[in-house]
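The values are calculated or read from the model by the stated rules, or taken from the named source; none is laboratory data. All values reported here derive from a predicted model rather than from experimental measurement. Don't worry about glycine lacking a Cβ; one is built from the backbone with ideal geometry, like all the others, and counts go over all protein chains shown.
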Amino acid sequence: MTISQQNPMNDEELRVRVLYAFIQASAELNSLFGLGLKTFERLSHMAAFHVLRRRNLDLNEIADQLQVSRRKVDQLSRLLKDNFFERFIAPEDGEALQRRIEFMLWAQTMSASRLKQVLRDEDPTEVDAALENLTRAKRIVEREGLYGITTPERRLVRDDWLARVGGLTHQLAAVSSAAIGRFVKNDERTFARTVSLRIRRDRLAALEEMYREQIWPLLKTLDAECGDGNEGDAVSVSFSLCWAQVHDLELKSK
């Protein structure tokens, strides 16, 4: 019998360790950016409040959930409203729905009413707003009541830093979902792998080519298979893929 079998990890310890793994990743960035512990703590508190606020919990419910006083929650609410972070991240909430709609339109054109039927978990008025924003930004076009993408070569990345950070938020949400599926829900459908390898500098482009020519067409096909009449058999999946040179993280010099 192994040591782990003799001393199985209880639920609380497991969840603390998973959470600590994510906090360590944030701490690495905080050290690299040299923002200091006070900023790290303040942003952590604001994020904890923001997550629950986006779930439409009222302030009293948030206080109970965070196990803090109502006064502390009021303070966090003011910080989030007054801080640049609120203006910076709030648009990403809409961006998530816009990216979802844009992805669906890759496979086929759809009417607004059809989109609302498929996106049953979304507020219809928010779907209308997302369609209006996408059309105004010329990311999609409407012809005879059907919406479609403006160009098949377009990718779901826009060349501005706010969109890039919004995309990062979306990617990290996929990583969080994978962690929850594996460590909390024990969902066997959850899949996560990390591979470390070496690659010649002149072969780095092969990775992007793999995504463009193999992975992206497969994702479009899988999504298209959930078209008319197949929504009942469909599950919403977050798919995330990334690669980067392994960097040594060093403390920012003072």
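The table below lists the values:
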{"read-out": "Inter-residue pairs, beta-carbon under 7 Å, first free of Cβ contacts under 8 Å to residues at least 24 places away in the same chain and at negative phi and in segment 188-201, second outside any loop (DSSP other than H, G, I, E, B) and of a type outside the set (Asp, Glu), 6+ apart", "value": "Thr190/Ala178; Thr190/Gly181; Thr190/Arg182; Ala192/Ala178; Ala192/Arg182"}
{"read-out": "Of the criteria (1) in a helix (DSSP H, G or I); (2) over 25 Å from Leu131 (Cα atoms); (3) at pLDDT 90 or above, which one Ser113 fails", "value": "(2)"}
{"read-out": "Residue match in segment 72-88 (condition: touching an Asp or Glu at 6+ places or on another chain (Cβ under 6 Å), farther than 30 Å from Leu222 by Cα and either of a type in the set (Ser, Thr, Tyr) or at pLDDT below 90 (or both))", "value": "yes"}
{"read-out": "Selected residue (only one of Asp202, Asp223, Asp248 is part of a helix (DSSP H, G or I), out of contact with any helix residue (DSSP H, G or I) (no Cβ under 7 Å at 6 or more places or on another chain) and either within 30 Å of Gln24 (Cα to Cα) or at pLDDT 85 or above (or both))", "value": "Asp202"}
{"read-out": "Pairs where the first residue, in segment 29-48, is closer than 19 Å to Leu172 by Cβ and the second is of a type in the set (D, E, K, R) and loosely packed, with under 15 Cβ neighbours inside 10 Å, C-beta under 7 Å, 6+ apart", "value": "Leu32/Lys252; Phe33/Lys252"}
{"read-out": "Hits in segment 126-138 - residues which are in a helix (DSSP H, G or I) and more than 11 Å from Ser113 (Cα to Cα)", "value": "Glu126, Ala129, Ala130, Leu131, Glu132, Asn133, Leu134, Thr135, Arg136"}
